[in-house]
Amino acid sequence: MVNNTGLRARTSARIALISAAASGQGKTTVTAALARKMAKQGLRVRVFKTGPDFLDPMVLERASGSPVHWLDLWITGLEPCRRLLAQAALEADLVLIEGVMGLYDGTPSSADLARAFGVPVIAVIDASAMAQTAGALAMGLRDYGPVHLAGVIANRVASPGHAAMVASSLRTVPLLGSLPRQQQSLPERHLGLVQPSEVHDLDVTLDQLAEQLSLDSPAWAAMDQVHVDVPAAASPVELLLAGKTIAIARDAAFAFLYPANLDCLRALGATLCFFSPLRNEPVPSHADALYLPGGYPELHGATLAGAAVWQTSLRRAHADGLPIWAECGGMMVLASTLTDQEGRAWPMTGLLPGTVSMQPRLGGLGPQGMNTPHGLLRGHTFHYSRLDTTLGPVAYTVRHPSGDAGEAVYQVGSLTASYFHAYFPSCPGAVAALFAGTGAT
């Protein structure tokens, strides 16, 4: 966007990236508590998540009251990230970005994102087993990159005296706030946090976290505003799916999809309709294509196995040549059987020859891309199951940044399936080809 003086427009807001030394320090809890606290004070709050994650954003959306999108320099891209951040700064009083893993982990890392846009970092330090050493940790996080460290929020502090010891150790780094140890944390399972719809009294928990988060008002008020350039609007994509209706499975078993994927499909001209396999709803008869996103089908094996109407409609849609894109959990239900964590095998739709079994160890994690005739379709993988099949892959995704072979991509007639979660805006042409049935691999 350029103003009438010929200069690039800028906007300002209080923006901070919440990070830590490692996973498990309480970044999501602190970000959710801060977002809810500020929202309850009447501020307009927007939250972003760095790195591929479907569950944390669900909780952060509930905490802030606004949709949560991803900021990732590789998957999302630099200029799309800038556009999303600028739009949030125009609309909100406070913009929070929850980092991924530790501050310097990954390529690109959360620190890379903070430096790309001049965003200050708030370090969450788990102080449960330390006191004065928190200062050394904070200074190391600040100086290693370096990054602009706006301050520290001490998590799991035992008492006001404990918080005071942490504060004294930080020297020139402000202690922005502290959060006491929680008797009950946000519930988790093998892929991360439990979905908000499954957590009883989640809003009560978020309100309690907001109340217990103690902020140093002068230190918080002293944080600088961040100036963000407002880039020109993105060029509209060609309406390659105009007139097409895409049916999307959407319930507790199929809840893992980027909100930006839905925006991309609509931008391509598609009409979206949703149905629930868990409620034994059939694939809508007027659909021109089908999207089976990831989720937790392994938790709903009995229900999905007994959903005869849904299973029959899916087989019929495939027999009729309906283009189908299935990713991760969406692919798992296409096997002959799905064996859950308790070792129970449930019959599935059988569109892919072979079986899917849950396993205790991680089967795949990290950013990957799928090469297509239309360019690189970027995304990620994260799963604890294994597909055993005699079917040969038609392609493999590529791991980032190593370039090694990643997840297998399978095709059976009009069906394309993989453990790979695709971020549709990274290559709209490939997405249009997938759902138009013209081939994207």
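Taken together, the values in this text are just the output of simple stated rules run on the coordinates, not laboratory data. Model, not experiment: these values are computed from the prediction. Please note: Cβ atoms are built from the backbone with ideal geometry, for glycine as well, and neighbour counts cover all protein chains shown.
Quick one: of the DSSP bridges fully inside the stretch 10-229, what percent are antiparallel, nearest 5?
In the stretch 10-229, DSSP labels about 20 percent of beta bridges as antiparallel.
Working out 0.36 nm times the residue gap between Asp224 and Leu272, then minus their Cα-Cα distance, what length gain in nm do you get to one decimal?
13.1 nm
What's the longest uninterrupted piece of the chain once you rule out the GluC sites (Glu not before Pro) that are loop residues per DSSP with at most 15 other Cβ within 10 Å?
Details: sites that count: Glu238, Glu342.
Excluding the exposed sites themselves, the longest stretch runs over 1-237.
Each label point is 7 Å from the Cα along the Cα-to-Cβ direction; what then is the distance between the points at Arg361 and Glu91, in nm?
Here the answer is 4.3 nm between the modelled labels.
For the stretch 347-441, which trypsin sites (Lys or Arg not before Pro) are both in a DSSP coil and crowded by at most 11 other Cβ atoms within 10 Å?
In loop regions of the stretch 347-441 (DSSP not H, G, I, E or B), the sparsely surrounded trypsin sites (Lys or Arg not before Pro) are Arg361.
Based on the Cα gyration tensor of the chain, what are the three equivalent ellipsoid semi-axes, each the root of five times an eigenvalue, rounded to whole Å and given largest first? Let's see the in-between values first.
Details: eigenvalues 313, 130, 74 Å².
Taking √(5λ) for each Cα gyration eigenvalue gives 40, 25, 19 Å.
Given the Cα-Cα distance of Arg316 and Asp143 and 0.36 nm per residue of separation, how much length would full extension add, in nm? Please list the in-between numbers first.
On the way: separation 173, 0.36 × 173 = 62.28 nm, distance 5.94 nm.
Result: 56.3 nm gained on full extension.
Sum up the charges of everything whose Cβ sits under 12 Å from the Cβ of Ala39, counting Lys and Arg as +1 and Asp and Glu as -1, but leave Ala39 out.
Every neighbour counted, the sum reads +2.
If amide hydrogens are placed 1.01 Å from N in the peptide plane, which non-local residues have theirs closer than 5 Å to the one on Phe256?
Answer set, sorted by chain and number: Gly294, Gly295.
To make sure I understand the rule: partners must be lysines, Cα under 19 Å from the Cα of Lys37, and not fewer than 8 residues away in the same chain. Which ones qualify?
The reachable lysines, counting only those whose Cα sits under 19 Å from Lys37, are Lys27, Lys49.
Run the numbers for Val204 and Gln41: contour at 0.36 nm per residue of separation, minus the present Cα-Cα distance, in nm.
On the way: separation 163, 0.36 × 163 = 58.68 nm, distance 1.63 nm.
Answer, rounded to one decimal: 57.0 nm.
Tell me the label-point distance for the pair Ala136, Val394, using the 7 Å Cα-to-Cβ offset, in nm and rounded to one decimal.
5.6
Please give the FRET efficiency for Ala129 paired with Asp263, using the beta carbon to beta carbon distance and R0 = 45 Å, rounded to the nearest 0.05.
Working: r = 43 Å, r/R0 = 0.95.
Computed FRET efficiency for Ala129 and Asp263: 0.55.
For every helix of n ≥ 4 consecutive DSSP H residues, a contribution of -39,500 (n - 2.57) applies; sum these over the chain, divide by its total residues, and give [θ] at 222 nm rounded to the nearest 500 deg cm²/dmol.
That calculation yields -8000 deg cm²/dmol at 222 nm.
Have a look at the DSSP beta bridges in the stretch 245-436 and tell me what percent are antiparallel, nearest 5.
Numbers: 28 of 46 bridges.
Percentage antiparallel, nearest 5: 60.
If every alpha-carbon in the stretch 107-186 counts as one equal scatterer, what log10 I(q)/I(0) does Debye give at q = 0.11, 0.12, 0.14, 0.27 1/Å?
Log-scaled intensity ratios, in q order: -0.30, -0.35, -0.47, -1.20.
Quick one: dipole size for the stretch 245-436, taken about the Cα centre, charges +1 on Lys/Arg Cβ and -1 on Asp/Glu Cβ, in debye to the nearest 20.
The dipole magnitude comes to about 40 debye.
At a Förster distance of 35 Å, what's the computed FRET efficiency of Gln182 paired with Ser402, Cβ-Cβ distance as r, to 0.05?
It comes out at approximately 0.40.
Straight-line reach only, C-alpha to C-alpha below 18 angstrom: list the aspartates and glutamates that Lys40 could link to, leaving out same-chain residues fewer than 8 apart.
Reachable aspartates and glutamates: Glu61, Glu91, Asp93, Asp201, Asp203, Asp207, Glu211, Asp216.
What does a probe at Ala164 reach in the stretch 123-149, counting residues whose amide N is under 15 Å from the point 7 Å along Cα→Cβ?
From the stretch 123-149, the list is 132.
If you count the DSSP beta bridges with both ends in the chain, what percent of them are antiparallel, to the nearest 5?
If we restrict to bridges inside the chain, about 45 percent are antiparallel.
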